[in-house]
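Read through the structure below, which is laid out as structure tokens, and then see the notes.
The values are calculated or read from the model by the stated rules, or taken from the named source; none is laboratory data. As the structure is a prediction and not an experimental result, all values here were calculated from the model. Heads up, the Cβs are rebuilt from the backbone with ideal geometry, glycines too, and the neighbour counts pull from every protein chain shown. The accessibility values were calculated without ligands, DNA or RNA, using every heavy atom of the protein model including side chains. Shrake-Rupley method; radii C 1.70, N 1.55, O 1.52, S 1.80 Å.
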Amino acid sequence: MTDTPNAAFKPRIFSGIQPSGGLTLGNYLGALKRFVEKQDEGIETIYCLVDMHAITVWQDPERLRRQTREGAAAFIAAGIDPARSILFNQSQVSAHAELAWIFNCVARMGWMGRMTQWKDKTAGKNAEAASLGLFAYPALMAADILVYHATMVPVGEDQKQHLELTRDIAIKFNNDYKVDFFPVTEPVIEGEATRVMSLRDGTKKMSKSDPSDQSRINLTDDADTIAAKIRKAKTDPEPLPETLEGLRDRPEARNLVNIYAALSGMTAAQVVAENAGAQFGTFKPKLAELAVAKLGPITAEMNRLLQDPAEIDRILGQGADRAEAIARPILDKVYDIVGMIRSRGSRG
Ligand code: TYM
């Protein structure tokens, strides 16, 4: 028993976003926008604000609550329909934490130690002082996905290694217990913006945790702020080339072209062909206008939704009930496979 044939599993999408800061254009293009496309393709979609992942590094409780609601508002404002997709926050469905414990016992220390995110987050710091949760982070992520038997996970490029580990955990569990129980999940990393880079440094990814606010566009930025950030974005003095080949060693220029492509629905090659010879003095205002046109309505809708936090909490609660209904029978089966006695209440 090596690979589990996914044909045996119903197509189901799961993905998550950490409410550990305001969401960025990177989260929007690499994740949210594509989550909406998947929902609209009619596949079953489950989306989660992973608040338990967020606390693997310190989070102020009030901010965590606010950012979770803000994240939920961003999903809905971007086009996630809570009637069609399941939208909830992770801590409300305890099956995630329960399966994560079992995966902590399946995964190996060496696997976790090789994760680049772990290495990056502890680089130059005292790794001994990092939380145990941060080290075990990828096992919880595998649990998020596999507790739903999700077959596909849309993410940005930076999550690829974690999804490979999810596959390793599924395969090892299936092999150890001699079952074909977990699917071997496919990462879905597609489109022109799988890795949106910082506006200040084209070799670093755009991130909600970057100390410089100028490095990113936040989904809460107003039109003037977005335009100013794009105007000040680092570029080079050359005009745009005629083909993508000409952007090979120009990471900042390539990043702005990719952002334009993802926002407009064009390919990067089409953007370059259409703007060949343009200086950034011309291209940047065009990009700013496009970004404001696409993000402005989302920001406005987010702000409207955030006026009614009780309604957001209600949506998250309903989503959690629906998520629980899928996860619990799968988790019960896992306990049975592992050999745990479950004799409380009416069970069995
Ligand atoms: P997080 O919260 O860092 O990011 C959420 C999603 O946004 C994508 N993303 C980007 N895409 C393109 N360019 C960028 N600059 C950029 N920055 C972020 C991420 O790839 C991700 O898809 N570990 C995950 C959260 C998680 C999860 C899961 C994801 C927990 N459990 C299960 C999928 C399935 C994370 O920290 O994402």
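Applying the criterion of being exposed (fewer than 14 other Cβ atoms within 10 Å of the Cβ) and part of a loop (DSSP other than H, G, I, E, B) to the residues of segment 119-144, the residue that is nearest to the ligand (Cβ to nearest atom) is SER131.
With the requirement that a residue be at pLDDT 95 or above, open to solvent by 80 Å² or more (accessible area, probe 1.4 Å) and part of a loop (DSSP other than H, G, I, E, B), what does segment 309-348 give you?
Keep residues of segment 309-348 that are at pLDDT 95 or above, which gives 309-341.
Going one step further and asking which of them are open to solvent by 80 Å² or more (accessible area, probe 1.4 Å), we end up with 314, 318, 321-322, 333, 336, 340-341.
MET340, ILE341 - these are the residues of segment 309-348 that are at pLDDT 95 or above, open to solvent by 80 Å² or more (accessible area, probe 1.4 Å) and part of a loop (DSSP other than H, G, I, E, B).
Is it the case that segment 150-168 has a residue that's among the small types (Gly, Ala, Ser), modelled with pLDDT of 95 or more and more than 12 Å from the ligand (Cβ to nearest atom)?
Filtering segment 150-168 down to residues among the small types (Gly, Ala, Ser) leaves 150, 156.
The next check asks that each one be modelled with pLDDT of 95 or more; those that pass are 150, 156.
Okay, now just the ones that are also more than 12 Å from the ligand (Cβ to nearest atom), so none.
Within segment 150-168 (the criterion being among the small types (Gly, Ala, Ser), modelled with pLDDT of 95 or more and more than 12 Å from the ligand (Cβ to nearest atom)), the answer is no, since none of the residues qualifies.
Scanning segment 253-287 for residues that are within 29 Å of ALA77 (Cα to Cα), part of a helix (DSSP H, G or I) and open to solvent by 10 Å² or more (accessible area, probe 1.4 Å) turns up ARG254, ASN258, TYR260, ALA262, SER264, GLN270, LYS284, PRO285, LYS286.
From SER91, SER15, which residue is more than 9 Å from the ligand (Cβ to nearest atom) and modelled with pLDDT of 95 or more?
Working: SER15 fails: more than 9 Å from the ligand (Cβ to nearest atom).
It is SER91.
Just to be sure I understand, how many residues within segment 145-182 are under 22 Å from ALA8 (Cβ atoms), part of a helix (DSSP H, G or I) and open to solvent by 10 Å² or more (accessible area, probe 1.4 Å)? Summing the residues that are under 22 Å from ALA8 (Cβ atoms), part of a helix (DSSP H, G or I) and open to solvent by 10 Å² or more (accessible area, probe 1.4 Å) in segment 145-182 gives 7.
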